[in-house]
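These notes are about the structure you will find just below.
The values are calculated or read from the model by the stated rules, or taken from the named source; none is laboratory data. Model, not experiment: these values are computed from the prediction. When we count neighbours, we look across all protein chains shown, and the Cβ atoms used for this are built from the backbone with ideal geometry, even at glycine. Quick note on the areas: whole protein, heavy atoms, side chains included, nothing else; ligands and nucleic acids left out. Shrake-Rupley method; radii C 1.70, N 1.55, O 1.52, S 1.80 Å.
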Amino acid sequence: MNIKPFSLLCLIVIGILTYSTTLSAYNGLSFGTLRQQGMGGVGIAQTFDSSAMYINPAGLSEAKSEIKLPRVRVDVNSTTLANSSKIQDLLNAKTKDERLNKLKLLVPLTVAFKPAVPTVISFINPGFGIGVFGQGDIYARFVNPVVPQIILEGAEDLSPMIAASSRWRLFDTDVAIGMTVRYIARSQILDPITGDTTLIRNSSDLMNGDDGSFTINPTTLTGIGGDVGALMPLGTGKLGVVLYNIGSTLSGTTPSQNAVTKTIPMFVGIGYAQTIDASSIPLVGGLLGSFDAGADVKFQYNDMYKNIYLGVEKQLFGDFIKLRAGLHQGYATAGLGLDAFIFHIQYAYYTEEKGLKVGNNPESYHGLEIGILL
């Protein structure tokens, strides 16, 4: 793949959409929905559509028959949006010296994109689902204003999935148990020699020719994995438990013919959700009415605060408009959903912690998804 570094911001998006896949700066899978992101990342105990196949397959037990056609989504970090005019000046630069000077004005800069076709196509019936999903996430940092470098991390996943769920009677409790099996085709940015997930290119690499092009050859990794989940009533709400990424080991060969194996870490997620009637609260009760609330804990990171997700959703005018808010890894989120006539529109503002601990390296995103309802 031959890429002009100063058109990189645009071309990586086109490349990702061409692959129709997911990117991730770590070895995990980052499938998720803008509904989740607007609600702080929750969903384990309250997802009953096709996205249950990667959030909690047990949720298919409460799904309605549905076909989803392709939907297009892009999430862009706030830093990129704030520097859009400077980035445009960089893209318009004609010579190597001009490009280098424009780049120095931007350093340090983090460019983070999550373009996707989150649902390529999917079909669900109560207790069964099949679909193809792809999302994008790339993280590029421009550092060192004297001798600029670009640090790239990313992976692209296209994943066909099949899932099933059924209800069981356990200890006088109605429990739904579900399983997802997925094939993962990943195109990941790796150092071709070491296999490291971080690729560094210096300004000399960025300027090596009149067109300033340099080569990135992604490594193709493939494998099979799955999730197992449960959903059951608890009090006035629902409790969900999921074991993610069972047996998810990917293997492939770098462009330098080095064998690479990446294991997607298993982890457990626990979620609770219920509908809250706030109408009796003085002053604000009439405005709030009833709304859905949820809390998830995912034992995925060493910093416990990165594992906590809280969120609420309020439906207006039936289910045409949905207002969302939450806390995602300690950072506030907001979201809006609109399903009217044949139009599907989702928006979310959220922050992800890219560092090891909350507060180390937060990255805020604006996400927009557009699709057609059947």
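Here are the numbers for the structure shown:
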| read-out | value |
| --- | --- |
| Any hit, region 96-114, residues being among the hydroxyl-bearing types (Ser, Thr, Tyr) and more than 17 Å from ASN144 (Cα to Cα) | no |
| Region 107-128 - residue that is open to solvent by less than 40 Å² (accessible area, probe 1.4 Å) and closer than 14 Å to TYR139 by Cα and, of those, nearest to the chain's Cα centre (by Cα) | LYS114 |
| Options GLN274, GLN257; residue that is on the phi > 0 side of the Ramachandran plot, more than 20 Å from the chain's Cα centre (by Cα) and of a type in the set (S, T, N, Q) | GLN257 |
| Qualifying residue in region 230-245 (condition: open to solvent by 30 Å² or more (accessible area, probe 1.4 Å), touching a Lys or Arg at 6+ places or on another chain (Cβ under 9 Å), farther than 18 Å from GLY28 by Cβ and not basic (Lys, Arg)) | yes |
| Some residue of region 56-75 being basic (Lys, Arg) and not in a strand (DSSP E or B) | yes |
| Matching residues, region 100-134, being in contact with a Phe, Trp or Tyr (Cβ under 9 Å, 6 or more places away or on another chain) and under 18 Å from THR80 (Cβ atoms) | LYS102, LEU103, LEU106, VAL107, PRO108, LEU109, THR110, VAL111, ALA112, PHE113, LYS114, ALA116 |
| Some residue of region 301-315 being closer than 16 Å to LEU34 by Cβ, of a type in the set (A, V, I, L, M, F, W, C) and under 16 Å from the mean Cα position of the chain (by Cα) | no |
| Residue check for LYS94: surrounded by fewer than 17 Cβ atoms within 10 Å (Cβ to Cβ) and in a loop (DSSP other than H, G, I, E, B) | yes |
| Among residues of region 42-53, those that are under 21 Å from TYR347 (Cβ atoms) and either touching a Pro at 6+ places or on another chain (Cβ under 6 Å) or surrounded by 24 or more Cβ atoms within 10 Å (Cβ to Cβ) (or both), counted | 6 |
| Residue match in region 285-299 (condition: at positive phi and open to solvent by less than 60 Å² (accessible area, probe 1.4 Å)) | yes |
| Candidates ALA334, ALA325, filtered to the one that is closer than 30 Å to LEU109 by Cβ, among the hydrophobic types (A, V, I, L, M, F, W, C) and in contact with a helix residue (DSSP H, G or I) (Cβ under 7 Å, 6 or more places away or on another chain) | ALA334 |
| Per-region count, region 255-269, residues touching a residue at least 12 places away in the same chain (Cβ under 8 Å), aliphatic (A, V, I, L, M) and surrounded by fewer than 17 Cβ atoms within 10 Å (Cβ to Cβ) | 2 |
| Failed item in (1) assigned to a loop (DSSP other than H, G, I, E, B); (2) out of contact with any strand residue (DSSP E or B) (no Cβ under 8 Å at 6 or more places or on another chain), with LEU287 passing the rest | (1) |
